Amino acid sequence: SIIIIMGTPVKDVQLPDNPAIKSLLLDKHASYVEAFEKNKDDYDYCMTEFLRISGIYWGLTAMDLMGQLHRMNKDEVLEFVQSCRHPSGGFSPAPNHDPHLLYTLSAVQILVLYDKLEILDVDSVVKFVTELQRPDGSFTGDKWGEVDTRFSFCAVATLALLNRLDAVNIDIIVKFILSCMNFDGGFGVTPGSESHAGQIYCCVGALAITGRLYEVKADQLGWWLCERQLPSGGLNGRPEKLPDVCYSWWVLASLSIIGRIHWIDK
């Protein structure tokens, strides 16, 4: 629907006056994640093979937050992670797919979650990550050459989890990220790209990990992020878009990192 506020149309959703569900049904959420892991012949499971290892990480994280990680098959998960290992040192989303920085980060995050980094060939992973860095400090996601600030975050987060940030030149990484900062304080995919909540999380997160969070214009960015909240309470990722719960994460996490979470109407 479209709501008019001060003469400006605002895209938003209409929430029911009396929602049928008024509390967080944790057990049902846990059962849903658990069932997704077990129903391997399900259409949705088959169609998400291209992001499988990241999906596993998201599911495991959700289960851990709900105190239900024990319901997942740890041995099966670790065996799957190992099957995604590529000779280059990176990890693919599933066997017989190309390795990519995003899926390499997911693999490392899963091993950290299970405290199993000892099964990882750290040096080969570090080599895979560092070889994807370009002279300007940016990172490509894989050998095909796409540049995106998401990949800068993936690289920095992976190396930080492996305690190997020393393997890259932090200054040029930060220089590239800052070149993607816009007049509104936000960050885009590449220099000149529009600000987007997902990219902001990646850039702010990378700057926080590298100890360079002071480079962010926190008040200006915090204001832009708070403007993502709509009358329904939901948050969008950029102006004139509908709210989406994924942006609740990107926006709120970014606000938390820069110390402005109290600016939002919870």
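A few notes on this one:
- Extension gain, Arg164 back to Asp64 (0.36 nm per residue minus Cα-Cα distance, nm): 33.4 nm
- Between Asp75 and Ser232, the C-beta separation translates, for a Förster distance of 45 Å, into a calculated FRET efficiency of about 0.55.
- Protein accessible area in the chain, 1.4 Å probe - carbon and sulfur %: 56 percent
- Taking the Cα atoms of the range 223-263, the ratio Rg/Rh between the radius of gyration and the Kirkwood radius comes to 0.93.
- By the compact-protein rule of thumb, 2.2 N^0.38 Å, the alpha-carbon radius of gyration of the range 194-245 corresponds to a ratio of 1.21.
- Percent of C-alpha pairs per 5 Å bin in the range 5-64, short distances first: 3, 13, 17, 15, 11, 12, 14, 7, 6, 2, 0.
- Cβ crowding within 10 Å averaged over residues, with 100-106, 192-198 ranked highest first: 100-106, 192-198
- Rg over Rh, two decimals, the range 1-140 (C-alpha only, Kirkwood Rh): 1.12
- Once the convex hull of all Cα atoms in the chain is built, its volume per residue stands at 155 Å³.
- Length-normalised contact order of the range 30-186 in % [C-alpha pairs under 8 Å, at least 6 apart]: 17 percent
- For the chain, adding -39500 (n - 2.57) for each run of n ≥ 4 DSSP H residues and dividing by the number of residues yields -14000 deg cm²/dmol at 222 nm.
- Relative contact order of the chain, pairs being alpha-carbon contacts under 8 Å that are 6 or more residues apart, as %: 13 percent
- Ellipsoid semi-axes in whole angstrom, largest first, where each is sqrt(5λ) of the Cα gyration tensor of the range 56-124: 21, 12, 10
The values are calculated or read from the model by the stated rules, or taken from the named source; none is laboratory data. Here the structure is a predicted model, which means the values were calculated and not measured. Here Cβ is always computed from backbone atoms with ideal geometry, including for glycine, and neighbour counts include all displayed protein chains. Ligands, DNA and RNA are stripped out before the accessible areas are found, and what is left, the full protein with its side chains, is counted by its heavy atoms. Shrake-Rupley method; radii C 1.70, N 1.55, O 1.52, S 1.80 Å.
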